[in-house]
Every structure is written in C-alpha cells, then in structure tokens.
Amino acid sequence: MKIKGLILILASVLLTTNIMAQDKQKTFFKGKSNKERIENVDSIKLVADSLHRELVRRDSVLRVNINLIDSIRSNAFRLTVSANRQRDSLLNIIRLKDREITTLKANTGFVDTCMVKLANRWLYERFDKADIDEAIKYFDRIYSSKLKEEMSIVQELLRNYERSYREFQSIMKEAQSDIDRESPFACEQYRDKYKRKIENMMYYWKYYKEEWNIRYLNEQMDKAIQIINNHKDGKFADFSTLIDPNF
C-alpha cells in the first residue's frame with residue numbers, strides 16, 4: 001500500500017507539472033523558435049520572466065520529486081521477484097521524472113541565457129540609470145553560479161557604466177569650452193591634451209580595447225578621437241553632438 005500511495009502521489013505531481021509546462025509553451029512559445037523569442041528586449045523579458053516564475057514554482061516541486069524518486073527507487077529494488085510488474089511500473093515513473101528534471105534544467109539554462117542577454121543589452125545603449133539598475137537585477141537572477149562567474153564581466157561593466165560615462169562627458173564638456181579650441185596657434189597642443197585625457201580614463205585602459213566593453217561608450221569615444229584627430233586650423237573640433245544634456 002505504501003508503494004501504491006507513492007505511485008499515486010508521484011503520478012499526480014507529474015501530471016500537474018506537465019500541464020503547467022504545456023500551458024506555458026502554448027501561451028508564450030507557440031510557433032516560435034528560440035531566436036525569435038529573444039530577438040528584442042520586450043520578447044526577452046516576456047520569456048525570461050515567464051520561465052523564471054515557472055522555475056520558482058518548480059524548484060520546490062523538484063526537491064519533493066527527488067526525495068520521492070529516491071524513496072521509490074529504494075523500495076522498488078527491495079521488492080520480491082513476484083512483484084516484478086509493480087517494480088517495473090515504479091521504475092517507469094522514475095524514468096519519467098528523471099526526464100522531467102532534465103527538461104527543468106534545460107529550461108533553467110534558457111532562462112539564464114535570457115538574463116545574460118537582458119543584462120548585456122543595455123551596454124549598447126546610452127546610459128540611463130533606471131535601465132542599468134534593471135539590467136543588474138536581471139543579471140543577479142541568473143541561476144547558474146558557474147555562468148554568473150563566467151559572465152561577471154557583464155555585471156562589472158554595468159556597475160562601472162555611470163562612472164565611465166560621466167568621466168567621458170566631463171572631458172567632452174571641457175574640450176568644448178576650452179578657449180584653445182578655436183585658436184589656430186594651439187591645434188597640436190589641443191589635440192595632444194584631449195587625446196591624453198581620453199587615454200587616461202580608467203575605462204580606456206581597462207575596457208576600451210577589450211573584447212567585452214560598453215559598446216555605446218566605445219562608439220562615442222571613437223567619434224571623439226576622430227574629431228580630435230581632425231582638429232586643425234579652419235576645421236576646429238566640435239563635440240556638441242557627443243555632449244549628453246543629462247550630465
């Protein structure tokens with residue numbers, strides 16, 4: 001009777017979990033590939049938030065299922081030869097639950113991928129504190145500690161974005177208001193001064209030339225360096241298009 005009771009409990013959990021998964025898939029993923037699901041910020045949020053809610057609910061179910069599997073496996077192998085059929089039934093349930101756990105782990109990996117994409121997405125945009133704070137929160141929700149460690153550079157860049165962007169803006173404003181900017185006799189000194197200021201930025205020597213960087217800030221710095229290099233008598237530097245009025 002004890003074994004039958006465990007079978008009924010486990011079968012009920014399996015049915016409930018599978019129905020939840022099917023409903024989620026019908027609602028959010030029907031007819032869509034993984035690429036299509038995460039092609040923009042809104043769709044990434046939809047997928048990540050949906051799966052995250054599902055996984056939070058399933059975490060407790062997963063722990064219960066693992067305990068049930070261990071208990072059933074232990075009881076199944078203690079059955080006599082005359083109970084082979086019942087044992088086989090138990091082992092089939094174990095295999096089904098093992099596959100469900102594997103699927104759960106795969107879903108967790110997909111959620112983690114979404115979280116990384118969301119966090120990294122804002123490194124391509126002009127700095128906005130609310131967006132960066134949200135990106136950091138998404139990164140913090142990554143399940144896999146290994147992946148979080150491997151991708152820690154994303155969190156590091158997000159946390160350094162405001163300071164780096166503010167420092168760059170300060171240099172642009174100083175360069176724009178410098179009285180030597182429109183002096184035909186100080187072109188070389190002016191170029192050297194502001195190239196040096198950009199190259200002395202913490203962001204420049206730590207991230208600018210690295211594979212992982214703040215893409216938007218890199219693009220702005222590239223434009224600034226080009227403007228500085230082109231600075232000469234008759235074509236004085238103008239950084240007005242690079243100055244952010246919010247800083």
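The values are calculated or read from the model by the stated rules, or taken from the named source; none is laboratory data. Everything numeric here is computed off the predicted structure, so don't read it as measured data. So basically every Cβ, Gly included, is an ideal-geometry build from the backbone, and we count neighbours across all protein chains shown. Ligands, DNA and RNA are stripped out before the accessible areas are found, and what is left, the full protein with its side chains, is counted by its heavy atoms. Shrake-Rupley method; radii C 1.70, N 1.55, O 1.52, S 1.80 Å.
Details
- In segment 224-235, of all residues being modelled with pLDDT of 95 or more and surrounded by 13 or more Cβ atoms within 10 Å (Cβ to Cβ), the one that is nearest to residue 162 (Cα to Cα) corresponds to 224.
- Single match in 167, 210, 150, 162 (criterion: among the charged types (D, E, K, R), surrounded by 14 or more Cβ atoms within 10 Å (Cβ to Cβ) and within 30 Å of residue 110 (Cα to Cα)): 162
- Residue list for segment 170-183, restricted to those being farther than 30 Å from residue 215 by Cβ, in a helix (DSSP H, G or I) and open to solvent by less than 70 Å² (accessible area, probe 1.4 Å): 180
- Hits in segment 184-201 - residues which are open to solvent by 30 Å² or more (accessible area, probe 1.4 Å), free of Cβ contacts under 8 Å to residues at least 40 places away in the same chain and not acidic (Asp, Glu): 185, 189, 193, 195, 196, 197, 200
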